[in-house]
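Below: the structure, in structure tokens.
The values are calculated or read from the model by the stated rules, or taken from the named source; none is laboratory data. Computed from a predicted structure; not experimentally measured. Cβ placement follows ideal geometry from the backbone for every residue including glycine, while neighbour counts extend to all protein chains displayed. Note: accessible area is taken over every heavy atom of the protein model, side chains too, but ligands, DNA and RNA are not part of it. Shrake-Rupley method; radii C 1.70, N 1.55, O 1.52, S 1.80 Å.
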Amino acid sequence: MRDPARPSRAWGRRLVVATALGGALGVAAPAVAEETAPSAGPSTVRCSITDARLAELSGLVVVGEQTLALDDGGDQVSVLGLDSACQVVDVQTAPVDPYDPEDLAVGPDGAVWVADIGDNDAKRPTVALHVLRPEGPALYRLTYPDGPHDAEALLLAPDGTPYVVTKEVLGSSGVYRPAGALADGATVPMERVATVNVTLTGTPGGPVGRAGQLMITGGAVASDGSALALRTYTDAYVWPLVGSDVPGALATTPVRLALPESPQGEAISFSTDARSLVIASEGLPIDVTEVPLPTVVSAATPAAETEVPGFAALTREGSPLPAALLAALGATIVVWVGGRLIRRS
């Protein structure tokens, strides 16, 4: 069972780390080449969420005229259905106390997938996928091949394969999928199949300063299977999708869209017609906003390869490595001081 005291303290530690690194580091991991999208029209507010059950909104999926919404918390799996005015008109539950649900998806058969994958302290031995079907819920447990990770994004391919995308403060996120068939109540190992690298963009928003531009907080796949998207606190990245080849899509060049500024943006979905992104943030009241997609999101092109410099190149004069080391040292000091303050409180 989730410790009620854990989220606030862990979030405090994460804020200290992310803010220190975001303010200090001027370099990031080698990044996938990206194309900044031209404007496709102004964003529009669909409606505003005021229901206290969604104060920590972390996942959205638009399904026809309804929008499914997931809160980051609670003592049971719970998915709320919203009408066009953001009023709750339906609730689906499962009698399981989740640890940290972070994202939401709908499968090709209409099943609702809840990604219980949050792990602020990177200590969970397993993460979980809860699947809500008319005949009853299923629980699939998963393990990483390289130790625990914090994650907030789920990509559910058109063939029903789930992909978990980790949340990394330095912008280099792992993409994992089950290495075998899922089985209700069983634990299945995952395999790493791709890496998504993002860089600082300068887009404002989020609770952790510049670091929020690097941390992936949500994912979505269009209902027609034409595209997939990942978001950070500040930006969205969109890739054309062919079939169910998620790793292949992520190896191509994404289109980046700067999102409207929000306090803690984690939720993202495609609209029913896949012509827009639908986004929202934590906090109440909060707007559900539609961001039009440009027509440039249409054809996959191979991503430009980024040469990784050797150690000698990194250590010569003018290299960013000394600055990064100093930044890391400063971040360590800030984390130590922050940790002492948190423990005293």
Any hit, the stretch 153-174, residues being more than 20 Å from K123 (Cβ to Cβ), of a type in the set (D, E) and open to solvent by 40 Å² or more (accessible area, probe 1.4 Å): yes
Just wondering, is there one or more residues in the stretch 236-247 that are assigned to a helix (DSSP H, G or I), open to solvent by 20 Å² or more (accessible area, probe 1.4 Å) and at pLDDT 95 or above? yes
Residue identified as modelled with pLDDT of 95 or more, within 17 Å of the chain's Cα centre (by Cα) and over 18 Å from T67 (Cα atoms) among V221, V255: V255
Please work out which residue is least open to solvent (accessible area, probe 1.4 Å), limiting yourself to the stretch 127-147 and to residues that are touching a Pro at 6+ places or on another chain (Cβ under 9 Å) and part of a loop (DSSP other than H, G, I, E, B). Y144
Given (1) crowded, with 19+ Cβ neighbours inside 10 Å; (2) over 23 Å from L70 (Cβ atoms); (3) in contact with a strand residue (DSSP E or B) (Cβ under 6 Å, 6 or more places away or on another chain); (4) at pLDDT 95 or above, identify the lone condition not met by V297. (4)
Suppose we keep only residues that are of a type outside the set (G, A, S) and buried (at least 22 other Cβ atoms within 10 Å of the Cβ) within the stretch 191-209. Which one would you say is farthest from the chain's Cα centre (by Cα)? V208
Of R141, R177, which residue is out of contact with any His (no Cβ under 6 Å at 6 or more places or on another chain), more than 26 Å from Y237 (Cβ to Cβ), of a type outside the set (S, T, N, Q) and in contact (Cβ under 8 Å) with a residue 12 or more places away in the chain? R141
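Here's the yes/no breakdown for (1) of a type outside the set (D, E, K, R); (2) under 16 Å from T272 (Cβ atoms); (3) open to solvent by less than 30 Å² (accessible area, probe 1.4 Å); (4) in contact (Cβ under 8 Å) with a residue 60 or more places away in the chain:
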{"position": "L57", "(1), (2), (3), (4)": "yes, no, yes, yes"}
{"position": "V61", "(1), (2), (3), (4)": "yes, yes, yes, yes"}
{"position": "V79", "(1), (2), (3), (4)": "yes, no, yes, no"}
{"position": "Q87", "(1), (2), (3), (4)": "yes, no, no, no"}
{"position": "V91", "(1), (2), (3), (4)": "yes, no, no, no"}
{"position": "G110", "(1), (2), (3), (4)": "yes, yes, no, no"}
{"position": "I117", "(1), (2), (3), (4)": "yes, no, yes, no"}
Checking the conditions here, which among V106, V164, V131, V114 is among the aliphatic types (A, V, I, L, M) and within 12 Å of the chain's Cα centre (by Cα)? V164
For the stretch 144-172, which residues satisfy the criterion of being touching a residue at least 60 places away in the same chain (Cβ under 8 Å) and of a type in the set (V, I, T)? T161, V165, V169
